[in-house]
Structure formats: C-alpha cells, structure tokens
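In what follows, a structure is listed as structure tokens, so that the remarks can point back to it.
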Amino acid sequence: MTNTTLESIDRAPNDSNPFKQTAAIIKPQTKFLLDDREKCSKNYKYDGSTGNLSLTATWINKNFEIMDVLLEISYFPTPHTAKAITEGIKNAMQKWEIENLVVSITTDNGANVVAAIRDLIPIKRLSCAAHTLQLAISKGLKVVENLVSRTKQLINFFSTQKQIERLIKVQKEIGYEEPLHLIQDISTRWNSLYLALDRLIFLQYAVLQLSVNLSCSLISEEKTDGIRLKKIMIKDNEWELLDELCNILAPFEKATRDFSGNTYVTLSQMFPIITDLTNSLKPPDNSYEVLEDSDDNTINSDIVEEESLQIEVDYTDEITTYFLLPVARENKNPLDWWKSKQEIFPVLSIIARKYLGIPATSVASERLFSDAENHITAKRSLLDPALLGKMVFLKRNMKTMDHINIFPPDLDVKNNDYVEDEHELEELLDE
C-alpha cells in the first residue's frame, strides 16, 4: 500500500458524521508527495465465503514509524474472477486517489488474485509469506495425514461439555497447576494444528488417566464413553511421533507470528527466517565442530560497533559508503538505523522507507474479517454491508486518528472504549 506523510491536522472537517470526518482526514494522507518520493504498499484480501473485499494501506513516515490504515472493507459481488477483482482494486485506488502511487500489493496465493494483480502493471505483487508457509506445512503433513486424522478424532471427543468437565476434573486430581481445555484444529486458522497437538501432548497424562477411569467405572454411561475413547486412543509410539511433529512445527509457528507483526519491519525478515527454517529441517552434520561459550566477537567477527569506526562519508556515492559500514546486528531495528543515517544517506533512506514499509503478509486484511464477523450477530444478521464497512472502518482507524479531535472527549481509544450503543452509531453513520 502506498501512503504519504503530510503535516498533522489539528482539527477535523466540520461534519457531524464520524465516518465522513475520518475518511476526509485519512484520504489526503494516502496521497504520496512525489517530491518527497514517498511510496508504500497495499494489502489486499477478499473473503470468497462472505463476498467481502478489504484494502489496507501501510507506509513509513518521515520519523521512520510504520503507519497503517484501513481504506475499506466492502461487499464484493460474484463472480470473483480475476477481471472483477482487478476492477474492484482499481476502483478503490481511484476512490482514494492513489492509483499511480502504489508500490506493491500483498495478497494470498489464489489463482484469480494472482492473475488480477498481474494486470495492475507496474504494481508488484508479493505473496503472503504466512499463507505460503501454511501451504508448505499442509503439503508436508500429507505423509502423516492418517495419524493427524486420528488425533483430530481424539481431540474432538473432548468437544462436549460433559467430556470437558471430566478432563478438567482429572487434571485437578493428578496435579495440573491450571486446568486447560483441548484446542480444536481449524483449517482456516494458521498454526491451529500445531497448537492443538501441543496442547494434547501437554494433557497426555490427563487424557490417559481419564481413559482408565472411564473404562473401570461401574456407571454404564461412563463405561460406554470409556469404550469409545479407547477405540480412538493413539498408541504409545504415536504419542512420541506427535511430540517429534510438534518439535518440527514449533519454528514454523514462531515464523508465522514474526511474519504477522504490523508494528515492525517484516519484509527484511523473510529471507533470514526462511533460511533458519530450512536449516532446522536438515539433519545434524557432525563434521562441523560446535562452538560453545564463544563471545559475539569470535562468532560474528564481521559485526563491529559503528561508533568505533571512523568512515569518511562521500555524499556523491551513497552506495559505496553504505557498503563500507559494518553489518548491523540482527536485533537492530532497521527503522532506527535508517533514521540515524538519513542525513548521511538522503537518497537511500527514501528508498528504504519505500520498500521496508511493504508487509510480508496480508494479515492486516485477514484480521478485518474477524472484526466484521464480531459485528454480525443472530439479532443483526441483516446488517447492511455498507453500514458494516463503515463501522469496521471507524473501529480499525481509531488508533490512527486518536490524535485528532473527531471523537467524544470521554472516548478512551487506547483501551478500546468504543461506542456502547451501536444503534446510536448507526444513526450517526446514516446521516
């Protein structure tokens, strides 16, 4: 997504509609000042099951801070062809007047989405790193799909209130500090299989003890449940295999979380994280000597504190000067580094702002669908899609706009103290 940094606006337009006020303030900030060469990336996602399309914009401002806003979440009618998606994105960009300023769009790997972005030349498309990672995990798990299927059966046995209460009771009896529930695997939720298996292994002894208790019970109902549980119980060697499987999946879960952040640079983390994951899957090679208790100066001899070096800066050749600098440590925030060096690298720092703002995943858009679903309840199942989009727009952009006086003075944005009377909010939005 693309975005620009303008002077801060102290007051909102004179309009009582909070949606119009927020949109009027955000819109000029999404235009890039070409003289400043500020560019950003767009995050796109559509939900084929609900027909919603979401667009979020991310950019790095002049203070080297990551900024992001929701541009829109709107109903997207069928058919969801590549051509229709292309037109939908073009219309949104024209609406926000950023059609010539978008650097890249981060999306999932749907064939129609890939084809749609291909027609948006010269905009580049970036595959969602987390989505790609989950596809790789799903493909790799096919070799143990039978065990995974049986494990899901076992977990599903404890999905009823009766079995949950029994499992909690057993945990208390055998000394678990805090009783826990088993976690269900949800195919649309990233890492849910790892979390489900990890929790099952943690509660292994409680599950086995409950199986014994039910089988030995004199109560007919419990004995029947014990027989059912025994039939789907996994074997000892399968428990060991599940433990090994969790050890393999754990780095992938962490990588997905690292990719999914929106308060720090994620694009530059893709290569080192994927490299570490690849190395973690390789068998250990004993031909190399393992160095233990070595200090950082021994292992990373090429990493030197910058303050200890005196480098003459040639402003006419920023690239040469850049490569003369020592390699920064991995835990160094790249935004802090570029902020401290922007006077030395006036051109390169602009390029850094342009590309470091590109998100590695489409998580920002994915989260919007959860927000939208939270507004649709049994009593509000016929909520107008346009109104729903405005409500999510306001909620998503509150923290971005909290420095502007467009909300009631008693509204605590930081603590998510939103309007309690949603009908009152709907009346405001309909004005």
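The values are calculated or read from the model by the stated rules, or taken from the named source; none is laboratory data. On a predicted model such as this, the values are computed, not experimentally measured, just so you know. Counting neighbours? That spans all protein chains shown, and the Cβs are built from the backbone with ideal geometry, glycine included. Heads up: the accessible areas ignore ligands, DNA and RNA and are worked out on the full protein's heavy atoms, side chains in. Shrake-Rupley method; radii C 1.70, N 1.55, O 1.52, S 1.80 Å.
Summary table
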item: Amide hydrogen neighbours beyond the local backbone of GLU72, cut-off 5 Å, H modeled; result: LEU55
item: Calculated from backbone phi, Karplus (6.51, -1.76, 1.60) coupling profile of the range 198-214 in Hz, x at Gly/Pro; result: 4, 5, 4, 5, 5, 9, 3, 5, 5, 5, 5, 5, 5, 4, 5, 4, 5
item: Rounded to whole Hz, the Karplus (6.51, -1.76, 1.60) HN-Hα couplings of the range 325-334, x for glycine and proline; result: 6, x, 5, 6, 5, 4, 7, 7, 6, x
item: The range 60-132, accessible surface, carbon-and-sulfur percent (1.4 angstrom probe); result: 53 percent
item: Segment LYS62-GLU178, extension gain: residue separation times 0.36 nm, minus the distance between their alpha carbons; result: 37.0 nm
item: Relative contact order of the range 203-292, pairs being alpha-carbon contacts under 8 Å that are 6 or more residues apart, as %; result: 14 percent
item: Average projected area [Cα convex hull, the range 152-275], square nanometres; result: 9.6 nm²
item: Among 247-254, 75-82, the order from most to least packed when residues are scored by Cβ within 10 Å on average; result: 247-254, 75-82
item: Per residue solvent-accessible surface (Å²) - the range 166-249, probe of 1.4 Å; result: 62 Å²
item: Heavy-atom SASA rank of THR275, THR263 (probe 1.4 Å, accessible area, largest first); result: THR263, THR275
item: Rg/Rh (Cα only; Kirkwood hydrodynamic radius) as it applies to the range 149-207; result: 0.97
item: Whole-Å semi-axes of the ellipsoid equivalent to the range 79-137 (Cα gyration tensor, √5λ, descending); result: 22, 14, 9
item: Heavy-atom accessible surface of the range 185-260: percent carbon and sulfur, 1.4 Å; result: 54 percent
item: Phi-based couplings in Hz for the range 220-226 (Karplus 6.51, -1.76, 1.60; Gly and Pro marked x); result: 4, 4, 5, 5, 4, 5, x
item: Difference of contour (0.36 nm per residue) and Cα-Cα distance, LYS95 to ARG125; result: 8.7 nm
item: Estimated distance in nm for a label pair at ASN262 and THR78, the labels positioned 7 Å out from Cα along Cα-to-Cβ; result: 3.0 nm
item: Total formal charge among the other residues, if their Cβ is under 11 angstrom from that of ASN156, Lys/Arg +1 and Asp/Glu -1; result: +1
item: Listed residue pairs exceeding 20 Å between alpha carbons, taken from LYS139/LYS230; LYS95/LYS390; LYS254/LYS282; LYS124/LYS354; result: LYS139/LYS230
item: Net lengthening on full extension, LEU241/THR278 (0.36 nm per residue, minus Cα-Cα); result: 11.3 nm
item: Relative contact order of the range 146-245, defined on C-alpha pairs under 8 angstrom at six or more residues apart (%); result: 27 percent
